[in-house]
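Here's the structure, in structure tokens; my notes come after.
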Amino acid sequence: MLRSLLMLVVYLSFLGVSMAVPYAATLGYVWVDIFQPQSAAYVLLNTLPVAMIMGGAAFGTYILMDRRSPPPMTLILVLQLMFAAWITLTTIYAVAGPVAWDKWNWAFKTLVFSAFVPFVIRSRVQIEALVQVYTLSLAANFIPFGAKVLLSGGGYGIGLGLQSGNSGLAEGGLLSTACLMVVPWLLHLANHTRLVPKWKVVPFAYWGLAGLAIATAVGTYERSALIGMGVLAVHSWLRAKKKMLLGVVIVCVGLGIAYKASSGYAARMSTIEDYSSEGSAYVRILIWKWTLGFVASHPAGGGFQAYVTSVIDVPQFGASPAHEEFGRAYHSSYFEVLGEQGIPGMAMFLGIAGLVLFRLRRIAREAKQDPEFAWVVSLANATEGGLAVFFSSGAFVSISFQPMLWYFVAVPVCLNAYMWHARRQAAPVVPRWRSAAAPQIDDSSPLMSWRDRRDATVRRTIP
Amino acid sequence: MLDLFGISFTTIVVFLLVMRSIGMDRVEPWFQTFKPRDGAKQSGSKIWQRGR
């Protein structure tokens with residue numbers, strides 16, 4: 001009861017504060033989206049459409065009160081909006097019928113909100129607040145889970161987190177991937193946070209949270225998590241300044257996991273090596289083959305939940321006889337997008353992924369030139385690390401439309417916009433030939449474009 | 001008990017951080033000025049825009 005009241009007070013505070021500070025509602029939406037207080041509350045919040053109310057507040061307060069310094073329109077943003085439009089189109093003719101709209105409902109919101117975030121989150125403080133709120137909202141799930149794993153061990157399919165069932169963060173594949181993705185952000189915050197006071201204990205707190213996130217990933221017994229941990233270790237080592245020290249830490253953590261993990265964990269991980277001897281792994285190969293055949297006959301995709309039409313012949317495994325299996329899920333983010341959104345959707349998805357990774361490299365390289373922008377370099381590298389985890393672990397879990405990925409797409413767009421504004425602050429102003437040739441006009445003139453009039457207003461109001 | 005701790009701790013910290021961010025965001029300039037160490041090595045070296 002008390003925790004329900006606490007969450008209700010915080011929820012209402014987000015709404016109340018957003019009336020004066022519009023970006024608070026966006027942070028509130030991230031909190032609702034990742035933490036999902038409605039599923040942990042016993043009164044009121046569990047009966048209200050909390051995400052819809054907060055999302056409405058985020059859009060409404062932005063449009064009415066705060067449209068300063070919009071980000072430059074980039075190909076990533078355009079592709080995100082095109083992808084949102086495309087998933088709507090494929091849902092209209094989805095082979096699964098009306099059930100496809102259930103997934104469209106949250107996937108569409110995720111994509112649109114991800115494209116909206118860079119319009120609201122602009123300053124350094126706001127970007128850090130977004131990263132902090134996302135990280136801590138996820139931490140609500142992995143703090144108890146990781147602590148339970150350290151105390152009593154984990155297990156495949158055992159629900160130790162806040163949510164129950166087999167969807168969202170209750171599903172081990174998504175939880176482990178999300179936890180590993182957030183580790184680089186936690187390590188970034190340990191060094192570069194400005195919102196948390198500079199106490200000596202602060203870096204240790206973030207490192208402790210990173211440890212709990214890794215313990216959670218291990219405790220889910222997901223094989224995709226092992227791949228994600230490997231990619232995370234390699235990426236962190238490549239981007240580290242103190243490679244020797246980090247190498248020792250990585251080896252120690254690896255040895256610790258190998259020592260503490262049970263024989264059940266080792267047995268499950270060993271099935272990665274020989275997929276044909278293990279039913280679950282081999283069925284994935286079969287469903288991926290089916291998806292390729294499905295896309296050959298449906299190049300524009302089958303819409304959301306197209307996998308329900310799948311039929312695969314599963315050979316005999318041990319005591320399990322050969323049988324036909326219907327409606328097997330994709331078990332891969334790439335095949336999920338390919339099967340549901342077809343070749344155009346896959347092209348957009350890979351285009352977004354490639355552009356985001358390319359942009360992060362460019363941002364980090366450019367920001368390195370100014371020591372004041374060390375936090376940008378660190379956050380760009382951390383986000384790249386999180387995405388590397390997603391694009392490796394996600395190859396074995398169907399989570400391509402989950403918000404975890406799309407917040408990691410939104411942050412690079414925010415960073416890119418930040419660098420764009422920072423360059424403009426420093427750049428010498430050179431009038432265009434057109435404005436140089438044209439007579440000077442005052443701000444109130446109808447000849448002035450809306451964008452110039454807006455910029456002039458902002459210049460007047462901000463000293 | 002661990003669940004309760006996880007929920008309460010993160011909820012309170014999120015709330016405090018958002019409040020602190022609001023305070024800092026009001027007093028700090030939104031954007032730093034980018035000064036590359038090795039001079040203006042930006043694309044095109046100048047940004048073409050109307051007078052600011």
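General observations
- A simple spin-label model places pseudo-atoms 7 Å from Cα toward Cβ; at A:V112 and A:L81 they are separated by 1.3 nm.
- Within chain A, longest stretch free of exposed trypsin sites (Lys or Arg not before Pro) [DSSP loop, at most 12 other beta carbons within 10 Å]: A:1-197
- Extension gain, A:M19 back to A:A319 (0.36 nm per residue minus Cα-Cα distance, nm): 101.8 nm
- Over the protein assembly as shown, dividing the summed -39,500 (n - 2.57) contributions of all DSSP H runs of at least 4 residues by the number of residues returns a 222 nm mean residue ellipticity of -22500 deg cm²/dmol.
- With a 10 Å cut-off around each Cβ of A:23-36, the average count of Cβ atoms from other chains is 2.
- Relative contact order %, chain A, counting alpha carbon pairs below 8 Å whose residues are six or more apart: 19
- A:H235, A:H323, A:H188 arranged by Cβ crowding within 10 Å, fewest neighbours leading: A:H323, A:H235, A:H188
- Which of A:A140, A:A382, A:T177, positive extreme of dipole for the protein assembly as shown (C-beta unit charges): A:A382
- Under DSSP loop assignment and at most 14 Cβ neighbours within 10 Å, longest chymotrypsin sites (Phe, Trp or Tyr not before Pro)-free interval of chain A: A:200-463
- Spacing of the two label points (7 Å from each Cα toward its C-beta) at A:I257 and B:L4, in nm: 3.3
- As a calculated quantity, the FRET efficiency between A:V99 and A:N191 at R0 = 51 Å, using C-beta atoms, amounts to about 0.65.
- Cross-link reach is defined here as a Cα-Cα straight distance under 26 Å, omitting same-chain residues fewer than 8 places apart; for A:K148 the lysines meeting it are A:K260.
- In sequence order, calculated HN-Hα J values of segment B:20-37 (Karplus, 6.51, -1.76, 1.60; Hz; x Gly/Pro): 5, 5, 5, x, 5, 5, 6, 9, 9, x, 5, 10, 6, 8, 7, 10, x, 4
- Relative exposure of A:C179, A:C414, A:C252, judged by other C-beta atoms within 10 Å (fewest first): A:C252, A:C414, A:C179
- Label-point separation, B:V27 to A:K289 (7 Å along Cα→Cβ), nm: 6.6
- Three-way shape call for the protein assembly as shown based on the alpha-carbon gyration tensor, with the a/c threshold at 1.5: prolate
- Rounded to the nearest Hz, the phi-derived 3J(HN,Hα) couplings of segment A:371-384 under the Karplus curve 6.51 cos²θ - 1.76 cosθ + 1.60 (θ = phi - 60°) are x, 5, 9, 4, 5, 5, 4, 4, 5, 5, 5, 5, 5, 4, where x marks glycine and proline.
- Amide H contacts of A:V314 (H built 1.01 Å from N, under 5 Å, at least 5 apart or other chain): A:H323, A:E324, A:E325
- Ranked list, fewest to most other Cβ atoms within 10 Å of each Cβ, for A:S398, A:S297: A:S297, A:S398
- Shielding by partners, peptide A:370-378 (average Cβ within 10 angstrom, other chains): 2
- Shape call, segment A:196-344: gyration tensor on alpha carbons, a/c limit 1.5: prolate
- With θ taken as phi - 60° and the Karplus curve 6.51 cos²θ - 1.76 cosθ + 1.60 applied, the whole-hertz 3J(HN,Hα) list for segment A:298-310 is 10, x, 8, x, x, x, 4, 6, 5, 5, 4, 8, 6 Hz, x standing for glycine and proline.
- Gain in span if fully extended, A:S297 to A:N46, counting 0.36 nm per residue against the direct Cα distance: 86.1 nm
- Test item: B:22-30 mean partner chain Cβ contacts at 10 Å: 6
- Fraction of C-alpha pairs exceeding 17 angstrom in segment A:1-67: 35 percent, rounded to a whole number.
- Distance from segment A:166-184 to segment A:22-49 (C-alpha centre basis), Å: 19
Bear in mind that the values in this text are calculations on the coordinates, not laboratory data. Everything quoted here is computed from the prediction, not taken from an experiment. Every residue, glycine among them, receives a Cβ derived from its backbone with ideal geometry; neighbour counts consider all protein chains shown.
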